[in-house]
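One structure below.
The values are calculated or read from the model by the stated rules, or taken from the named source; none is laboratory data. The structure displayed is predicted, hence computed values, not measured ones. Heads up, the Cβs are rebuilt from the backbone with ideal geometry, glycines too, and the neighbour counts pull from every protein chain shown.
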């Protein structure tokens, strides 16, 4: 039995030595005993491929390439543990979640955090760390007892919770289940019983250190295997020296010394070190050899020559950096003869780059593979499980039901699902009693559909709903009948089985493979296997345990959230994208290292896990050693830098962005500074985001792929149309694309886009008459919309585009409710012969309560009874109506105006005539509308006045500019119509006194101190102060507020000391009001003539900070863009 160390720097041939040694043994005896090669988990596929292709005998034959974990599984099935039910990481998380729920009242720290997303995963990571460090619940308990006085209260509470959880986990597993974290312990215990491992040589490659569990396995290997060979990236000369903990090779040096000490303690022979001195990897590139040898040598002289095949590139931002990398890959493959498989992209972390890399490399047509685990929690199969459970738990609400149906795993067409969704949104269908009932749902009359199509739509809705009920109804029955985790899991599996999810996913995988999307194909296949494995682990860990369905759902959700899939590279010729510290970085000819910024490489050391660094140090002083500290991880960053710089054998490309996506500047890393110091003749290349000011060959990196070239050419051609001629190379590109038959159609599309204008031509006269008829009938709000934006008017009233109806209490519904309530209140007063200003508190309450009870059920088909929240809102609506009625009662008591008409319709078919005009083309234009309230009062001199009040549920002010531009014509038009057209309702010689908005709401009033009744009443009146226009006539003003002194609490006027009205935008002389009314008529005529002339211009208004686009539902239709020269706001 012996230990043999294989030592050398990066690229010195350690792995090659091992592969040759194994292949020589295979060649000498292809059918002999197994030869075991252990590598890190992420490196197994790569090592298998390298070993299989490096020997004279094709294939692996006797050689077996495994990780520690895979070796443990194989050995346990061979000698022990096969009868145990194995629980993986996901199963552990779900069991931890269950244990936390069971002992929530005993936990001191963890339960408060357990409800946070991801906390269960952090807790599972800590449990895994304890297992890998061979820390048992007894060890934790001993620390609590023996070192209680030394522990901080927080650490004491954490250890208490952790001891409880680990003890419960151990009890939960008992002798039936095997945690994945305990496999190595069992392997170490039973290794001697393995005929295929004990007595056979073992090689370990690619490690820089081992966990205590792995050391325990190595101990048994040293005792029972004839030779254990371990390669480490360590200069042999350092083995007998003292190395500081901040040195780059400290970790492999420490590992080597631990192994030697272990061999000595076991009495195992130590063979002479196999020394790999020469850098054989980059021997063809002197610059890369020099970089490997001297990067960490502070006394190294600068490299004397200009380095070959070593580049540093600074880019505008991360996207420009990825595009530059893609262009470089294309150049190397086209011009230098490299294959994609010869190239790797290396990152410190995927976080900021994975999406960009996938998108850009796909656009460039570069096959690639991200060597990372994929989170699949949003995969349709997992979403189906999650949403189906939520559907049953929450009694069939809208959101989870349609998340379930939109997974496309139900045997339904997506069109049918969309039609069903529209019905449910419009009618507010909720609850299992409605979804699962046998009878058909009532028809929903969709606007704009004839009877035949409506019948077909309703039949389709009911057929779809019955199909949904067939599957979800059975699932609901099974889940409600279940009591244990096993029952619930079986119900879910039956549900998926009846939907034939497995065969659907296999079909998706075949389609993806047919399109060449091999990763997607593998993902679909693995998701089903992982989901079934998750169910197995759930049953294994909690099978016969009784628990509520809601708790089962939370436990399952923790497993679904944590599910990740590791894929094998699906192609032989592709660019491998790796991350330092997480992936085994392959040996390649070309390495592109991206994102070399300060704080990224080397990374800032951030505390990880549930223990702080101080707590870890405190535990270490109590003889409880855990994983690496933050300081140790920071020192290990140097080794990761060394790994990144030494991967390629021929070509190294380093890059960093100068800014992030928000434009904030980013600094280059110290790595860049060190490389520049070693190679002073190395010039940093710049790659701007766009080639705006570049010419000649500097433009070529932006023309690597046709899509990229066309995108940049389009910008240059647009500049040419603006009088800025592009560089000659762009015309060369234009000619090339024009002469290329395959690319010419794409170029023509680009050229066509240059002439495209986001504008609309006028409609023909025939089209206008078909849309609006020979007589233009319009409401005031329609004309206001036209003045705000002609295209919005056309979309709404010409094309009749509508947002799909939703069963909800919208602002429009509340406005209609308040209008109806106040109208009904006035009618009740008339019927009972009551004066508004003389009502008692009891009369206000009785009247408003009766009105609200009558109107409430009419609102959106009993929507106020559909939930507790809306029933509460119904009470608030009643209080709002009562309070508003009381305020209007104060108006009546302080003034003489009384309503003579409410909801007064004018125009064709109305109670009074409306405004009508003859337009320039002879078209007759008729205006129709409804006046909320028309008041009349008579002064002491018998002069009658009229006043219009318009109810609003939201804040509303009126400015002269809004009237001038025709944006708010309603209030003054009502006044104009009342004075001009309502002669039958008014006394002779009635004068218009004003038009006002009254806001119906229930304001929340805040004060610095308690108020008396008088002050409280004044504050309440002030909050309801009306807005609008008034006639500059003190007599008319007195009829509205007889108690007016100074600033009115009721209306928007202020009396000066001399009794005159203070000048303001709210007070107008009679001739000014007359001119304003004439202007209003002119705006109606002008809008009508433009409508009939077919003007549908995309021209929204902008007034101060307000624009017509702010709440417009048609922005996706018009695609208005203020950056386009043809799209401009008016005014």
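Of the residues 424, 417, 490, 468, the single one that is within 30 Å of residue 547 (Cβ to Cβ), assigned to a helix (DSSP H, G or I), under 31 Å from the mean Cα position of the chain (by Cα) and at pLDDT 90 or above is 468.
Residue 327 satisfies every condition listed in (1) touching a strand residue (DSSP E or B) at 6+ places or on another chain (Cβ under 9 Å); (2) part of a loop (DSSP other than H, G, I, E, B); (3) closer than 26 Å to residue 673 by Cβ except (2). Between 858, 842, 911, the distinction of being out of contact with any helix residue (DSSP H, G or I) (no Cβ under 7 Å at 6 or more places or on another chain), closer than 29 Å to residue 946 by Cα and in the same structural domain as residue 973 (by TED's automatic domain parsing) belongs to 911 only.
Can you pull out the residues in the stretch 198-221 that are touching a helix residue (DSSP H, G or I) at 6+ places or on another chain (Cβ under 6 Å) and either in a loop (DSSP other than H, G, I, E, B) or not assigned by TED's automatic domain parsing to the domain that holds residue 70 (or both)? Correct list: 198, 205, 206, 208, 209, 211.
Between 151, 162, 155, the distinction of being in a loop (DSSP other than H, G, I, E, B), buried (at least 18 other Cβ atoms within 10 Å of the Cβ), at negative phi and out of contact with any strand residue (DSSP E or B) (no Cβ under 9 Å at 6 or more places or on another chain) belongs to 151 only. Among the residues of the stretch 330-387, the ones that are assigned to a strand (DSSP E or B) and in contact with a helix residue (DSSP H, G or I) (Cβ under 9 Å, 6 or more places away or on another chain) come to 9 in all.
In this structure, residue 312 does not qualify as closer than 30 Å to residue 563 by Cα, in contact with a helix residue (DSSP H, G or I) (Cβ under 8 Å, 6 or more places away or on another chain), in contact (Cβ under 8 Å) with a residue 24 or more places away in the chain and assigned by TED's automatic domain parsing to the domain that holds residue 643.
Applying the criterion of at least 2 residues that are closer than 30 Å to residue 132 by Cβ and modelled with pLDDT of 90 or more to the helices (runs of 4 or more DSSP H) found wholly in the stretch 627-737 leaves 630-646. Residues in the stretch 460-488 that are within 19 Å of residue 535 (Cβ to Cβ) and without any contact (Cβ under 8 Å) to a residue 60 or more places away in the chain: how many? Total meeting the criteria: 5. Please count how many residues of the stretch 801-812 are loosely packed, with under 15 Cβ neighbours inside 10 Å and either within 13 Å of residue 877 (Cα to Cα) or at pLDDT 90 or above (or both). Result for the stretch 801-812: 2.
Quick check on the stretch 325-335. Is at least one of its residues in contact (Cβ under 8 Å) with a residue 60 or more places away in the chain and under 25 Å from the mean Cα position of the chain (by Cα)? No - not one qualifying residue is present in the stretch 325-335. Of all residues in the stretch 1088-1112, those satisfying the criterion of being in contact with a strand residue (DSSP E or B) (Cβ under 8 Å, 6 or more places away or on another chain) and touching a residue at least 24 places away in the same chain (Cβ under 8 Å) are 1088, 1091, 1092, 1099, 1100, 1101, 1102, 1108. The helices (runs of 4 or more DSSP H) found entirely in the stretch 934-1044 that carry 3 or more residues being in contact with a helix residue (DSSP H, G or I) (Cβ under 9 Å, 6 or more places away or on another chain) are 960-964, 970-981, 1013-1023. When residue 922 is tested against (1) surrounded by 15 or more Cβ atoms within 10 Å (Cβ to Cβ); (2) modelled with pLDDT of 90 or more; (3) more than 52 Å from the chain's Cα centre (by Cα), exactly one condition is not met: (1). For the stretch 933-949, a residue qualifies if it is touching a residue at least 60 places away in the same chain (Cβ under 8 Å) and surrounded by 22 or more Cβ atoms within 10 Å (Cβ to Cβ), and the qualifying residues are 933, 945, 947, 949. Does residue 1082 qualify as being without any contact (Cβ under 8 Å) to a residue 24 or more places away in the chain, part of a helix (DSSP H, G or I) and closer than 30 Å to residue 926 by Cβ? Yes; evaluated as a whole, the condition is true for this residue. With the condition kept exactly as written, say whether any residue in the stretch 1049-1070 is in a helix (DSSP H, G or I), over 30 Å from residue 1127 (Cβ atoms), out of contact with any helix residue (DSSP H, G or I) (no Cβ under 9 Å at 6 or more places or on another chain) and without any contact (Cβ under 8 Å) to a residue 40 or more places away in the chain. No. Within the bounds of the stretch 165-178, is there any residue that is more than 22 Å from residue 551 (Cβ to Cβ), at pLDDT 85 or above and assigned to a helix (DSSP H, G or I)? No: zero hits.
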